[in-house]
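The values are calculated or read from the model by the stated rules, or taken from the named source; none is laboratory data. Please read all numbers here as calculations on a predicted model, not as lab measurements. Here the Cβ is made from the backbone with ideal geometry for all residues, glycine too, and neighbour counts use every protein chain on show. All accessible areas refer to the heavy atoms of the entire protein, side chains included, with ligands and DNA or RNA removed. Shrake-Rupley method; radii C 1.70, N 1.55, O 1.52, S 1.80 Å.
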Amino acid sequence: MYAGPHRLPSKVEPMVQEFDKVGVVGLGTMGAGIAEVFARAGFNVVGVEIDQDACDRGRGHVDRSLSRAVGRGKLSEEERAAIDARLTFTTSREDLSDADFVVEAVPEHMNIKQDVFGDLDRICPPGTILATNTSSLSVTEIAALTGRPDKVVGLHFFNPAPVMKLAEVITTVSTSQETVALVTEVAKRIGKTPVTVGDRAGFVANALLVPYINDAIRLYERKIAGREEIDAAAQKAADLPMGPLALADMVGLDVCLAVMDVLWKEYRDARYVASPLLRRMVAAGHHGRKTGKGFYAGQDEQPEPTPDGRLAQMIREEENLDLGEMLIAPQIDDALRMIGDGYVDAKDIDTAMRFGCGYPKGPTELLEDRGPESVISTLVTMGEYSLTTIAVPAPLLMDRLPEVEAGEGHGQGGCACQS
Ligand code: 3HC
């Protein structure tokens, strides 16, 4: 229900007094979902695309999503009409000349972002906050494209944007406190749960989710297991709503590859080397649902590949290895490294994975369920079969071992676990 222009907390009032009109630039799956989210929350939304065909496609995404909600009795026809009335679509960025807040969701190429942010900086009033939904580019570099880096943030939504409750608020060294307060408030007003973190490759959720998807692709590529077996095992292990290969098809294999490449570029760690199969599928245009070809998309006629080879057999005979745990244990290890880096705390990690990716329990809660011995044992056994590049479990994971005194396990995790 529309509650009129939104008053901001008093401390940011000198900057923007009323907040009403939101621009969304780029109306692909994510942008259209973001436009819908703002319109549903009562904001007047202007969606911008490059030409009329793209505008029509964006409107089509929103129409289908709203029809689905009406069909399921989640939205009345009157509410839908009110949401429609708050949404306008245009091919002119100049129509954002009075926008209070703009979210950019255009393709992930720095030259396209440069064009968009250059225009937004010129067109929008000086007080307008500019947010990017980028998942694989540096928010800091995007902010530096403008003359207002203090008013630029990342506002990262999760697919499907109308459903997933997480919004990562990404700050840079230039972002002002007023901007952070405002954007956090906006995220709450649109019904999202904000997790605010600094600018770093993959932020929180993608840095944990996408390497896990990449691990699943590697298992598939090495014929350790078929796609349905891999997905079922991961779902069972952590009670997940979708398996990793189905999720890759949904978020886009091109997006997964872009995230892996940015992680690799930042850390140069073998853990972040993209699977060759992922790279080839993207090169072939198999981007998942959006191009109609992926692990499942367009594969109806293809038989499920049969696991084969000596390695697949050895792993099946190995008592200490469970396919689902082989996917979950490295993610738990990644989560503890992220905490160890001082980037984010356990509570925010669990919130991010619960609200962004539909996990019933976040990685540190999954660790509590299993206990550190079990996770470490899986990692060590995987190492013996060259199934992971994690040579030594995370120091914070080792620290949880009850029998290891604080500090003793550091740097010699592999040996300590095998004894
Ligand atoms: N658009 C709008 N609404 C949708 C939708 C879509 N594409 N897909 C599902 N929904 C809605 C349905 O209307 C339904 O809402 P309702 O309960 O109010 O009626 C609700 O979602 C559940 O839908 P279904 O019952 O049909 O389907 P599921 O129960 O199987 O749930 C799912 C679908 C929500 C997608 C669930 O499988 C899930 O949570 N999957 C994990 C998704 C995930 O991990 N997303 C994050 C990916 S990473 C990312 O996006 C970041 C990027 O940078 C890579």
In region 274-290, anything hydrophobic (A, V, I, L, M, F, W, C), more than 18 Å from the chain's Cα centre (by Cα) and either under 20 Å from residue 211 (Cβ atoms) or open to solvent by less than 50 Å² (accessible area, probe 1.4 Å) (or both) is listed as 277, 281, 282
Please work out which one of (1) within 16 Å of the ligand (Cβ to nearest atom); (2) farther than 30 Å from residue 152 by Cα; (3) of a type in the set (Val, Ile, Thr); (4) not in a helix (DSSP H, G or I) is the condition residue 217 fails and give its number. (4)
Considering residues of region 176-209 that are touching a Leu at 6+ places or on another chain (Cβ under 7 Å) and open to solvent by 30 Å² or more (accessible area, probe 1.4 Å) only, the residue farthest from the ligand (Cβ to nearest atom): 185
If we scan region 335-342, do we find a residue that is open to solvent by 40 Å² or more (accessible area, probe 1.4 Å), part of a loop (DSSP other than H, G, I, E, B), charged (D, E, K, R) and modelled with pLDDT under 95? no
Cβ-Cβ below 8 Å, separation at least six or inter-chain, first residue in region 73-100 and over 19 Å from residue 31 (Cα atoms) and polar (S, T, N, Q), second within 16 Å of the ligand (Cβ to nearest atom) and not in a loop (DSSP other than H, G, I, E, B): which pairs? 76/70
If you scan region 71-87, which residues turn out to be under 27 Å from the mean Cα position of the chain (by Cα) and more than 10 Å from the ligand (Cβ to nearest atom)? 83, 87
Identify all residues within region 381-415 that are at pLDDT below 80, open to solvent by 20 Å² or more (accessible area, probe 1.4 Å) and not in a loop (DSSP other than H, G, I, E, B); write none if there are none. 415
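To keep it simple, each residue is scored yes or no on (1) touching a Cys at 6+ places or on another chain (Cβ under 6 Å); (2) buried (at least 23 other Cβ atoms within 10 Å of the Cβ); (3) more than 17 Å from residue 184 (Cα to Cα).
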| position | (1), (2), (3) |
| --- | --- |
| 83 | no, no, yes |
| 131 | no, yes, no |
| 137 | no, no, yes |
| 146 | no, no, yes |
| 156 | no, yes, no |
| 166 | no, no, no |
Would you please list the contacts, defined by Cβ atoms under 7 Å and residues six or more apart or on different chains, that run from a residue in region 220-248 that is touching a residue at least 40 places away in the same chain (Cβ under 8 Å) and open to solvent by less than 60 Å² (accessible area, probe 1.4 Å) to a residue that is part of a loop (DSSP other than H, G, I, E, B) and acidic (Asp, Glu)? 226/304; 227/304
Selection from region 253-272 of residues that are among the aliphatic types (A, V, I, L, M) and without any contact (Cβ under 8 Å) to a residue 40 or more places away in the chain: 257
Condition set open to solvent by less than 10 Å² (accessible area, probe 1.4 Å) and within 16 Å of the ligand (Cβ to nearest atom), scope region 48-68, selection farthest from residue 190 (Cα to Cα): answer is 58
